[in-house]
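Down below is the structure, laid out as structure tokens.
The values are calculated or read from the model by the stated rules, or taken from the named source; none is laboratory data. Bear in mind the structure is a predicted one, so any value in this text is a computation, not a measurement. Counting neighbours? That spans all protein chains shown, and the Cβs are built from the backbone with ideal geometry, glycine included. The protein model used for the area step is the full one, side chains on, heavy atoms only, and it has no ligands, DNA or RNA in it. Shrake-Rupley method; radii C 1.70, N 1.55, O 1.52, S 1.80 Å.
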Amino acid sequence: MQLYNNLSAKERAELIEQAGKERLTISFYKYAKIGNTEIFRNHMFLAWDELEVLGRIYVAKEGINAQLSVPAENFEAFKKHLDTISFLENVRLNIAIEHDNFAFLKLKVKVRDKIVADGLNDDTFDVTNKGVHVNAEKFNELIEDPNTVLVDMRNHYESEIGHFKNAITPDVDTFRESLDLIEEDLREHKEDKKLVMYCTGGIRCEKASAYYKHKGFKNVFQLEGGIINYVRQVEAEGLENKFLGKNFVFDQRRSERISDDVIANCHQCGKPADMHTNCANEACHLLFIQCDECKEKMENCCSTNCMEINRLPYEEQKALRKGQGNSNDIFKKGRADHLPYKKDLRNIFETLNTSK
Ligand SMILES: [Zn+2]
Ligand SMILES: [Zn+2]
């Protein structure tokens with residue numbers, strides 16, 4: 001019995017290509033008590049491997065968080081299998097707007113402490129006491145309410161390329177930082193304002209809404225199924241789309257275009273741009289926004305220094321990296337000092353007290 005994928009990314013890509021199957025990109029999550037995470041993990045891996053599922057799935061005692069792709073022809077079987085697991089019966093599947101057969105190259109099912117690294121100690125509050133879930137139509141109504149404070153629960157590199165009109169987009173690297181910032185700034189409004197929040201697929205808001213209720217906020221709402229589900233509903237029901245730009249996603253596609261607005265700028269020249277680049281230097285891998293011209297001029301790198309290193313023969317690069325840890329350890333997202341147009345850390349709440 002094989003419980004892990006041992007093929008390289010390249011071999012996988014070739015297999016996907018050969019199979020020539022249309023794949024659907026899907027994400028879902030569920031908070032549930034899972035007793036033996038190891039057994040559950042193995043069970044899921046075996047079933048999904050057979051259905052040719054690829055993706056990144058986290059299993060923890062608190063539930064499951066999955067981002068994956070499945071051949072369209074196996075979708076029904078995949079759903080059927082989910083329905084055999086009591087807490088996953090009829091779980092909401094967020095189906096991506098744009099599909100890419102190479103969004104994921106491997107099936108990885110990992111046991112973790114948490115399904116989202118939230119930095120919270122759950123014993124202090126009840127995660128099941130969450131906010132009111134709203135659909136796209138209700139959400140559109142709510143965010144026009146002058147008494148609403150709309151908060152983007154994602155990180156800076158996500159909201160930078162796309163967010164809802166009038167949303168507060170905390171300039172943070174982690175979910176935990178966001179929670180504190182928002183609470184601090186809305187301290188005086190726990191009872192009178194409507195706190196409306198959203199994230200990519202809804203999972204972060206599940207925790208955040210329960211956290212804010214625990215902290216004394218009286219009117220907490222969350223966008224059900226996040227941006228992904230919102231866009232689906234907007235299309236299906238002909239609603240007005242209030243999301244500007246692109247939705248950042250955590251697979252090879254990096255983002256999905258939702259509206260034609262380009263709301264970000266190239267971190268190198270400042271021109272409007274909203275394409276993320278991973279610096280080509282293996283020892284850097286900085287994720288930053290780069291326009292096409294800079295991409296060409298800088299050879300996919302974030303700096304001239306990285307460009308020079310990237311030009312060296314591979315063996316020489318490897319020797320340089322020795323003792324510096326691998327690139328994953330230093331993977332960082334758009335915070336490098338040498339990118340002059342990166343927006344400054346500023347008080348994102350400045351406008352809040354004056355406008356609302
Ligand atoms: Zn540029
Ligand atoms: Zn670099």
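Using heavy atoms of the protein chains and a probe of 1.4 Å, the accessible area assigned to residue 143 is about 20 Å².
Take residue 4: with every protein chain present and a 1.4 Å probe, its accessible area is about 120 Å². What whole number of Å gives the distance from the Cα centroid of the range 252-315 to the Cα centroid of the range 143-214? Between the Cα centres of the range 143-214 and the range 252-315 lies a distance of 28 Å.
Normalised radius of gyration (Cα atoms, divided by 2.2 N^0.38 Å) for the range 136-177: 1.23.
DSSP beta bridges confined to the chain are antiparallel in about 60 percent of cases.
Hey, any idea what % of the range 1-146's accessible area is carbon plus sulfur with a 1.4 Å probe?
Values: 3840 of 7760 Å².
About 49 percent, which is the carbon plus sulfur part of the accessible surface.
Seen from residue 196, the other residues with C-beta closer than 11 Å to its C-beta sum to a net charge of -1, counting Lys and Arg as +1 and Asp and Glu as -1. Our summary of shape: the Cα atoms of the chain have principal axis extents of 61, 52, 42 Å, ordered from largest down, in whole angstrom. Taking every protein chain into account, the accessible area of the range 232-318 amounts to 49 square angstrom per residue (probe 1.4 Å). Counting every alpha-carbon pair across the range 47-181, the share separated by more than 27 Å comes to 36%.
State which entries of 190/333; 110/215; 106/271; 138/333; 165/193; 80/138 exceed 26 angstrom in Cα-Cα distance in the structure shown. Exceeds cut-off: 190/333; 110/215; 106/271; 138/333; 80/138. Here the range 220-322 is treated as an ellipsoid with the same Cα gyration tensor; its semi-axes, largest first and in whole Å, are 36, 16, 10. The GluC sites (Glu not before Pro) found in the range 1-47 that occupy coil by DSSP, while having at most 12 further C-beta atoms within 10 Å, are 22. Per-residue extension of 0.36 nm, minus the Cα-Cα distance of residue 47 and residue 18, leaves a gain of 8.2 nm for this segment. Using every pair of distinct Cα positions in the range 239-299, the Kirkwood expression returns a hydrodynamic radius of 12.6 angstrom. Extension gain, residue 188-residue 235: 0.36 nm per intervening residue step, less the Cα-Cα distance, totals 13.2 nm. Per residue, the chain reaches -8500 deg cm²/dmol at 222 nm when only DSSP H runs of four or more residues are counted, each adding -39500 (n - 2.57).
When all protein chains stay in place and ligands, DNA and RNA are ignored, the 1.4 Å accessible-area order of 337, 251, largest first, is 337, 251. What shape does the range 120-272 have by the C-alpha gyration tensor, where a ≥ b ≥ c are the square roots of the eigenvalues, rounded means a/c under 1.5, and otherwise prolate means a/b greater than b/c and oblate the rest? Prolate is the answer for the range 120-272, as a/c is 1.5 or above and a/b outweighs b/c.
Using 0.36 nm per residue and subtracting the Cα-Cα separation, the extra length available between residue 335 and residue 5 on full extension is 115.4 nm.
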